[in-house]
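J.: This is the structure, below, for whatever I ask next.
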């Protein structure tokens, strides 16, 4: 796996992590907040918490992407322009509710974006990096298998 691919995944995940942390910080600043006031200040000096958050976000994105149907959606999104939910339903043979649920899961992990004005869904930089990662490992493994089978 190339360092470029690792960097692409980390760079693509960073905005999602930042937005989650900033949303929590805003919530902590509300007048009614009390349990986590000052949490962000604690995190700033705690490499263990930072590593835990980073690991969680990476594993979450990979877990969501690793579902075979979710991965098919990601591959379709990585092809380029946005696609409507109707077109995805037709291409994947899925009903509206299961597809909607999967797209929401992908969006929560930072792997997809849905346009507000339409039902169109599009890839994120994370989509493209994760698809590239899986396809690179797949192709490498397939090559190894092909060599082994021909030598067996």
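The values are calculated or read from the model by the stated rules, or taken from the named source; none is laboratory data. Everything numeric here is computed off the predicted structure, so don't read it as measured data. Quick reminder, even Gly has a Cβ in these numbers, built from the backbone with ideal geometry, and neighbours come from all protein chains shown.
J.: Looking for something at pLDDT 90 or above, more than 17 Å from residue 134 (Cβ to Cβ), within 14 Å of the chain's Cα centre (by Cα) and surrounded by 14 or more Cβ atoms within 10 Å (Cβ to Cβ) - is there at least one such residue anywhere in segment 50-60?
T.: Checked segment 50-60: at least one residue is at pLDDT 90 or above, more than 17 Å from residue 134 (Cβ to Cβ), within 14 Å of the chain's Cα centre (by Cα) and surrounded by 14 or more Cβ atoms within 10 Å (Cβ to Cβ).
J.: If you don't mind, another one. For residues that are in contact (Cβ under 8 Å) with a residue 40 or more places away in the chain, part of a loop (DSSP other than H, G, I, E, B), under 14 Å from the mean Cα position of the chain (by Cα) and closer than 13 Å to residue 128 by Cα, tally how many sit in segment 74-114.
T.: Summing the residues that are in contact (Cβ under 8 Å) with a residue 40 or more places away in the chain, part of a loop (DSSP other than H, G, I, E, B), under 14 Å from the mean Cα position of the chain (by Cα) and closer than 13 Å to residue 128 by Cα in segment 74-114 gives 3.
J.: Can you report the number of residues in segment 77-103 which are crowded, with 18+ Cβ neighbours inside 10 Å, in contact with a helix residue (DSSP H, G or I) (Cβ under 7 Å, 6 or more places away or on another chain) and over 24 Å from residue 17 (Cα atoms)?
T.: The total comes to 3.
J.: In segment 122-138, which residue that is surrounded by fewer than 22 Cβ atoms within 10 Å (Cβ to Cβ) and within 15 Å of the chain's Cα centre (by Cα) is farthest from residue 2 (Cα to Cα)?
T.: Filtering segment 122-138 for residues that are surrounded by fewer than 22 Cβ atoms within 10 Å (Cβ to Cβ) and within 15 Å of the chain's Cα centre (by Cα), the one farthest from residue 2 (Cα to Cα) comes out as 122.
J.: Counting only residues that are surrounded by 15 or more Cβ atoms within 10 Å (Cβ to Cβ) and over 16 Å from residue 60 (Cβ atoms), how many does segment 104-121 have?
T.: Start the filter on segment 104-121 by keeping residues that are surrounded by 15 or more Cβ atoms within 10 Å (Cβ to Cβ), which leaves 105-107, 109-114, 119-121.
Right, trim to over 16 Å from residue 60 (Cβ atoms) and you get 113-114, 119-121.
Total meeting the criteria: 5.
J.: All but one of (1) modelled with pLDDT of 85 or more; (2) at negative phi; (3) exposed (fewer than 12 other Cβ atoms within 10 Å of the Cβ) hold for residue 42; state the number of the condition that does not hold.
T.: Every listed condition holds for residue 42 apart from (1).
J.: Next question, about the same structure. Might you let me know whether segment 83-100 holds any residue that is modelled with pLDDT of 95 or more and under 30 Å from residue 29 (Cβ atoms)?
T.: No; the residues of segment 83-100 include none that is modelled with pLDDT of 95 or more and under 30 Å from residue 29 (Cβ atoms).
J.: Here's a follow-up. Which numbered condition trips up residue 65, out of (1) modelled with pLDDT under 95; (2) surrounded by 11 or more Cβ atoms within 10 Å (Cβ to Cβ)?
T.: (1)
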